[in-house]
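Everything below concerns the one structure shown next.
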Amino acid sequence: MTTQPALSPSPTPSGVDALASTDSPSSTDAPLSTDAAAARSRELAASIAQDPTRHRMLTGDRPTGDLHIGHYLSSLRSRVALQDAGVDSFVLIADYQVITDRDSVGRLQDHTFSLLADYLAAGVDPRRSTIFTHSAVPALNQLMLPFLSLVTQAELLRNPTVKDELAASRRPLSGLLLTYPVHQAADILFCQADVVPVGRDQLPHLEQTRVIARRFNARYADGAALFPEPSALLNDQQLILGTDGRKMSKTRGNVIRLAATEYETAALLRKARTDSESTITYEPERRPEVANLLTIAAGFTGETPEALAAAVGSGGGALKALVIEAVNEGLRAHRERRRELVADRAQLVEILHEGNARANAVAEATLAEVRRAMSMDY
Ligand code: TRP
């Protein structure tokens, strides 16, 4: 194989080219199929609706910044709904994933407690959901060792999400960026989760996780189902864009943080890009900026974007006034709870300690099974 350049510490992102050239499938496993994943996701949703208590969910976020309204509308609310329906829930603050694509941890502590405050304010209940960080759960991290033995270099190098992240990072490919999908498999498999609510960008990691579970069972567990194969639970909601109509991104300054004040929220939305037509209509393909504002308002009011467009009638100013009202009203209670939570750091620390203790107990039990299966229990 000619993959060596991707691994050498070149100061430019030339590793991307090396990655692009290693695209030939070499494993015997079926390649990633989005259709199959979508079908599995639908089946899973039906099964959860029938009996939520038979399922365990694991999902998480990297503590690289504050959560924004896109997170709130697309992931936070659905996690809380799953928890409330009775799905056993694990929520990971993925601190080791922070250093996959950057050189320092940044304001990691602040981001970690900011995430925690938003989880709690949104309704993640620490008595029913286990909220934890990677770094506090050694047995989870140890699973990465046997898991690394189950993946090939070619599989790692052709992961499209890793390729995108490598290109965006403008750094040489680190060992951790290359192998973090295996670490993410440990995130999911340490607690034998079968439900992983994620966006489509995470599907390659889910597929890798399924392969790891399958191979572990076959190679080290005599075919026993020590690890279940998890499925992605895809959310089919409209993606929320930033106020400039592009992907929401902290570096672009187009993000409305959950922690923002009402005043900041209004100022950001007033600057939001629209278009030159004054009649307000919901046409996502032709008028993405206007459609995005309507989608945001719809997310917070529960009305359809079409109905909101009709209610506004005409005028970008009127549309923005409606969106500002919807967001600030929709987040008022969340923001108030959030303010109280961040004011009491000691309480947040205690909640995290309890979650970490529970995650450790689960991870230790799984690692004990893994040691037994691998004849490493002395
Ligand atoms: N990679 C995910 C993201 O960037 C965060 C994450 C880490 C995650 N570990 C996970 C998501 C396990 C689902 C399951 O959004």
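The values are calculated or read from the model by the stated rules, or taken from the named source; none is laboratory data. None of these values were measured; they are calculated from a predicted model. Glycine gets a Cβ as well: all are built from the backbone with ideal geometry, and neighbour counts include every protein chain shown. Surface accessibility is based on the protein's heavy atoms, side chains included, excluding ligands, DNA and RNA. Shrake-Rupley method; radii C 1.70, N 1.55, O 1.52, S 1.80 Å.
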>> If you count only protein heavy atoms with a 1.4 Å probe, what accessible area per residue comes out for the chain, rounded to a whole Å²?
In response: 46 Å²
> Leaving out ligands, DNA and RNA, what percent of the accessible area of the chain is carbon and sulfur, probe 1.4 Å?
Replying inline: 53 percent
>> Defining a contact as two alpha carbons under 8 Å apart and six or more residues distant in sequence, what relative contact order in percent does segment 50-207 show?
In response: 33 percent
>> What are the ³J(HN,Hα) couplings of segment 149-156, residue after residue, when phi is run through the Karplus curve with 6.51, -1.76, 1.60 and θ = phi - 60°? Round to Hz, x for glycine and proline.
In response: 6, 9, 10, 9, 4, 4, 4, 5
> Given only helices, namely DSSP H runs of n ≥ 4 each adding -39500 (n - 2.57), what is the per-residue ellipticity at 222 nm of the chain, to the nearest 500 deg cm²/dmol?
Replying inline: -16000 deg cm²/dmol
> Taking the DSSP beta bridges in the chain as the whole, what percent of them are antiparallel, to the nearest 5?
Replying inline: 15 percent
>> Could you derive backbone 3J(HN,Hα) for segment 257-272 from the dihedral phi with the Karplus parameters 6.51, -1.76 and 1.60 (θ = phi - 60°), listing whole Hz in sequence and x where the residue is Gly or Pro?
In response: 6, 4, 7, 5, 6, 5, 5, 4, 4, 5, 5, 5, 6, 5, 7, 4
> If you bin every alpha carbon distance in segment 177-279 into 5 Å steps from zero, what whole percent lands in each bin?
Replying inline: 2, 11, 15, 14, 11, 11, 9, 9, 7, 5, 3, 2, 1, 0
> In units of 2.2 N^0.38 Å, what is the alpha-carbon radius of gyration of the chain?
Replying inline: 1.04
>> Restricting to Cα pairs below 8 Å that are 6+ residues apart, what does the relative contact order work out to for segment 210-258? Please round to a whole percent.
In response: 21 percent
>> If packing is taken as the average number of other Cβ atoms within 10 Å across a peptide's residues, how do 212-220, 269-277, 109-117 rank, most packed first?
In response: 109-117, 212-220, 269-277
> Based on the mean of other beta carbon atoms within 10 Å per residue, what is the order of 97-105, 359-367, most packed first?
Replying inline: 359-367, 97-105
> Over the chain, what is the mean sequence separation of C-alpha contacts under 8 Å (at least six apart), divided by residue count, expressed as relative contact order in percent?
Replying inline: 21 percent
> How big is the shadow of the Cα convex hull of segment 245-304, averaged over all directions, in nm²?
Replying inline: 4.7 nm²
> Which angle from 0 to 90°, rounded to the nearest 10, does the C-alpha axis of helix 108-122 make with the longest principal axis of the chain?
Replying inline: 60 degrees
> Between the helical axis of 316-342 and the dominant principal axis of the chain, each derived from Cα atoms, what acute angle in degrees is found, rounded to the nearest 10?
Replying inline: 50 degrees
> Ranked highest first by average number of other Cβ atoms within 10 Å, how do 58-67, 236-245 line up?
Replying inline: 58-67, 236-245
> Out of residues 5 or more away from residue 89 or on other chains, whose amide H comes under 5 Å of its own, with H placed 1.01 Å from N in the peptide plane?
Replying inline: 57, 130
>> Between 0 and 90 degrees, rounded to the nearest ten: what's the tilt of helix 175-189 against the longest Cα principal axis of the chain?
In response: 90 degrees
